[in-house]
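Have a look at the structure below, then the notes.
A short reminder: the numbers here are calculations on the coordinates, not readings from a lab. Predicted model, so just to flag it, every value in this text is computed and none were measured. Glycine also receives a Cβ, built like all others from the backbone with ideal geometry; neighbour counts cover every protein chain displayed.
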Amino acid sequence: MCLAVPGQVVEVEGDDPAFLRGRVDFSGVRREVSFAFTPEAQPGDYVLVHAGFALTVVDQEEALLTLEELRRLGEAVEASPETAEEAPAP
Amino acid sequence: MSQDESSLPALVCPRPSEGGGQIVLAHGGGMRMTEKLLEEVFYPAFGNAALAARHDGAAIETAAGRLAFTTDSYVVRPLFFPGGSIGELAVYGTVNDLAMCGARALALSAGFILEEGLSIETLKRVVAAMSEAAARAGVPIVTGDTKVVERGKGDGVYINTSGIGVVQGPAILPSRIAPGDAILLSGDLGAHGIAILAAREQLGVQTDLLSDAAPLWEPVEALLKAGLDIHCLRDLTRGGLAAAANELASARGLDIELDEPSIPVRDEVRAACELLGFDPLYIACEGRFCVFLPETQAQRAMSILRACAVSAGAVRAGRVKDEARFGVIIRNRYGSSHVLDLPSGEQLPRIC
Amino acid sequence: MKLVDEYRDSDVVARLSAGIRRTATRPWTLMEICGGQTHSIVKNGLEALLPPGIELVHGPGCPVCVTPAELIDAAVALAARPEVIFTSYGDMLRVPGSRGRAEGPAALLDARAAGADVRVVYSALDAVQIAAANPGRQVVFFAVGFETTAPGHALAVVQAEALELENFSILVAHVLVPPAIDALLGSPECRVQALLAPGHVCTIEGSAEYARLSARWKVPIVVTGFEPVDLMEGILMAVRQLEAGQARLENQYSRAVRADGNAAARAAVDRVFEVTDRPWRGLGLIANSGLALREAYRRFDAVARFGAGPEPVQDDGACISGLILQGLKKPRECPAFATLCTPEQPLGAPMVSSEGACAAYYHYGRKV
């Protein structure tokens, strides 16, 4: 099951864990989401939302680290002309 | 919920109630109640010489030339939404269809099918919106009709508008589309469809997005006045850019290639589509159009479009190919292309 | 969109593509489990960015595709009842059951056109709200999905119980991924050498079970996301393992998946559901591969409440969805593909499900 979208937590409210809910902002589109499975989520956090539920809090540090690595992928190779790669054909 | 209506005798009350602020069946009867409705609601809003003649149809002076003629019906839920209402759509939709023929709208007709129980206040709001839209578009509503259907047989109000205009300049038709033509798009996609979706509330999505509903004659007139060789124009409505492109590729018998990275989509529209599993290429617009013209004139056309408010976000979206194999192809940012099919029906929200 | 756009970056995708080309020295066959991953691969044309020897085979991770035809029939029958408001994710609306259209409504969308009150909801909790707002009607929710949606459905039942709703029930169609992987990898015809595991299932389940599968079948398994960067990185990680003769669990989707998953979500599922045998459309019965409501919650089961028991049916002979879902055939190899079987007139589920392999190929997969 696949369509999960990251959004920013606006607020979380509720006492009963089963009814914990709040709004999440997706680039200006807001929807009410259940936080029953992510009670630790705080306003400002990014959560992955699927079918109206926040499934997990996104680890932004981890995301940043991996992206930095990926953006440098192949740099050492490209720098040396002997191992220069053809660009993939479009 | 409803009883078998055939078991009820057909009763007609000789003294119908005044309606008390609601449309009643008698308003559609063509007699005194109808007259009253016209006097109180429609004539004040649409007042012009043709309507004042109180005749069945309107006769209009035109310059010699070819007439463009179009009709459209408007069925919108909810009637009022951020950025507009059924009123604006009913006017702009028909004005824009004429503009796509290269014609300035000369006059509109407006036929109303009202549901018994509709509040007259609501009707006045719709009619006021139409009046303002007509003024903005510079077109009079010169003739019309009103009918009333029983409660439950209509969504408040349905409107049909037909329009005529004189074609200015050479014919603008799908058959004039030529291989190599540039395709320009007047602005970002999907604001109308998403605004409506949010207003319907069933999917619980909230946004400040406004519908993009707008009249499009101004940029079209500017293109024509510049003497550009416009081959075809098409406004995007239901089915969005994908539907319009497919219809034209099919009508002309030439493939169309679109460049996805060039096509602007506002953040909110993208986000709503991501959330619900929609594709912005298929979402309805009500104030966007495409221009097909020779590549050599594309740059100039772009400057003209960008100088008009309603097409300030114009972009080059693609080109016409010289073969007919796939219909519409779209090239993505990774350099891959796929066929952009005609949508089979409504897009349904998905979670997979 | 933050945390989305970065994973669609064409420069990063190009680097990953080059990395895969540098790494692969021979042909390898990989399978992505989840239909959403298939959809993303085909729609974005990612296979064209892989060296010729790397083959992607599409797996059975489309819960819509594997929902038994008889459950669709049961759904359509329930929707036809005047007292029922039938709620469902949009994905299920076009999927035909076992009846041909001449015999009556085959899919929920047909039932709606024939007058049934069928409503699309984005969330199971919306269905609970509809029940609360319509005490005079019976609200049935079509609970379809893998481990990703099960917690939400469990919560819907818990909420309905807390609100003391007498008019809410669910039609359970849940399936579990690991038993299907066992069945797939255990088949003698299986050519798959590495797996891309479903990222969102793993946000709930964690990766422990996939580590066990990797060890049991001695295949690399990489938990992978859904965006082009995720998929290309997952493929690169799998190919690196294959080239090095390794077979272990790796997590590409580390920003969303933790090894221990989401315990609160799993607890909700455990409270409300129990594991059961389940038939998969096109694949047959797989032991311990489905969920059913526990005894304590059986009153929320639509089948129990309405006596609307699904009756086993023969699937359409022309539809080879079973072979497609196991990755043994590609959609283009099906004689009915795009001829007898189209999204408007589907013979089976994979052509009409938004993440079905056949639908993906039909909409995005024609060579241009």
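Remarks
- In this Cβ point-charge picture (+1 for Lys and Arg, -1 for Asp and Glu), chain C has a dipole of about 760 debye about its Cα centre.
- The mean number of Cβ atoms from other chains found within 10 Å of a Cβ in peptide C:280-293 is 0, as a whole number.
- Prolate/oblate/rounded call for the range A:5-81, Cα gyration tensor, a/c under 1.5 rounded: prolate
- Shielding by partners for peptide C:152-163, expressed as the average number of C-beta atoms from other protein chains within 10 Å of each residue's C-beta, is 3.
- Taking amide H as placed 1.01 Å from N in the peptide plane, C:Val57 has its amide H under 5 Å from the amide H of C:Leu30, C:Met31, C:Glu32, each at least 5 places away in sequence or on another chain.
- Bridges between two residues of the range B:220-333, per DSSP, are antiparallel at a rate of about 65%.
- Cα centroid of the range C:157-227 to Cα centroid of the range C:57-136, whole Å: 23
- Since only B:Val166, C:Ala150, C:Thr23 are under comparison, the one whose Cα sits farthest along the positive direction of the charge dipole of the protein assembly as shown, derived from C-beta charges on Lys, Arg, Asp and Glu, is B:Val166.
- Dimensions of the range C:271-361 from C-alpha coordinates, computed as largest minus smallest value along each principal axis and given longest first, are 47, 25, 23 Å.
- Kirkwood-based Rg to Rh ratio, chain B, C-alpha trace: 1.02
- Normalised by residue count, the range B:107-203 yields a Cα convex hull volume of 190 Å³ per residue.
- Pairwise FRET efficiency - B:Arg300 versus C:Ala114, Cβ, R0 = 41 Å, nearest 0.05: 0.15
- Eligible lysines near B:Lys36 by straight Cα distance, threshold 30 Å, same-chain separation 8 or greater: B:Lys124, B:Lys147, B:Lys153
- Averaged over the residues of C:118-127, the number of partner chain Cβ atoms lying within 10 Å of the residue Cβ comes to 6.
- Enclosed volume per residue, in Å³, of the convex hull spanned by Cα atoms of the range C:132-171: 58
- Rounded to 10°, Cα long-axis angle of helix C:263-272 versus longest principal axis of chain C: 40
- Computed from point charges on the beta carbon alone (+1 for Lys and Arg, -1 for Asp and Glu), the dipole magnitude for the range B:174-339 about its Cα centre is near 300 Debye.
- Principal axes of the protein assembly as shown: Cα extent on each, largest first, Å: 89, 71, 53
- MRE, 222 nm, helices only [DSSP H, n ≥ 4, -39500 (n - 2.57), over chain B, to nearest 500]: -8000 deg cm²/dmol
- Cα-based helix-to-principal-axis angle, C:208-217 vs chain C, degrees rounded to 10: 60
- Label-to-label distance for A:Asp25 and A:Glu11 is 1.3 nm, based on points extended 7 Å past Cα in the beta-carbon direction.
- Taking the square roots of 5 times each eigenvalue of the Cα gyration tensor of the range B:174-339, largest first, gives ellipsoid semi-axes of 26, 19, 13 Å.
- Applying 1/(1 + (r/R0)^6) with R0 = 45 Å to the Cβ-Cβ distance of C:Asn288 and B:Leu342 gives a FRET efficiency near 0.55.
- Angle between chain C longest axis and helix C:69-80 axis [Cα atoms, degrees, rounded to 10]: 40
- Separation between Cα centres of the range B:65-129 and the range B:267-297, rounded to whole Å: 22
- Taking every Cα-Cα distance in the range C:321-364 and sorting them into 10 Å bins starting at zero, the pair-distance distribution P(r) comes out as 35, 62, 4 percent.
- Kirkwood hydrodynamic radius (C-alpha pairs) into Stokes-Einstein, the range C:142-237, 4 °C and 1.567 mPa s, D in µm²/s: 84
- Scaling the Cα radius of gyration of chain C by the globular reference 2.2 N^0.38 Å produces a ratio of 0.99.
- Among C:Asn251, C:Gly307, C:Leu49 the positive-end extreme of the charge dipole of chain C (Cβ point charges): C:Leu49
- The alpha-carbon of C:Lys330 sits under 28 angstrom from the alpha-carbons of these lysines, leaving out residues fewer than 8 places away in its chain: C:Lys43, C:Lys218, C:Lys367.
- Mean-position separation - Cα centroids, the range B:311-349 and the range B:138-179, in angstrom: 28
- Computed lengthening from B:Ala312 to B:Ala226, 0.36 nm per intervening residue step minus Cα-Cα distance: 29.2 nm
- Surrounding net charge for B:Gly156, when Lys and Arg each add one and Asp and Glu each subtract one, Cβ distance under 10 Å: -1
- Stretching C:Glu166 away from C:Ala132 to a fully extended chain increases their span by 11.3 nm, per 0.36 nm per residue minus the current alpha-carbon distance.
- Over chain C, Cα pairs under 8 Å with separation of 6+ residues give a relative contact order of 23 percent.
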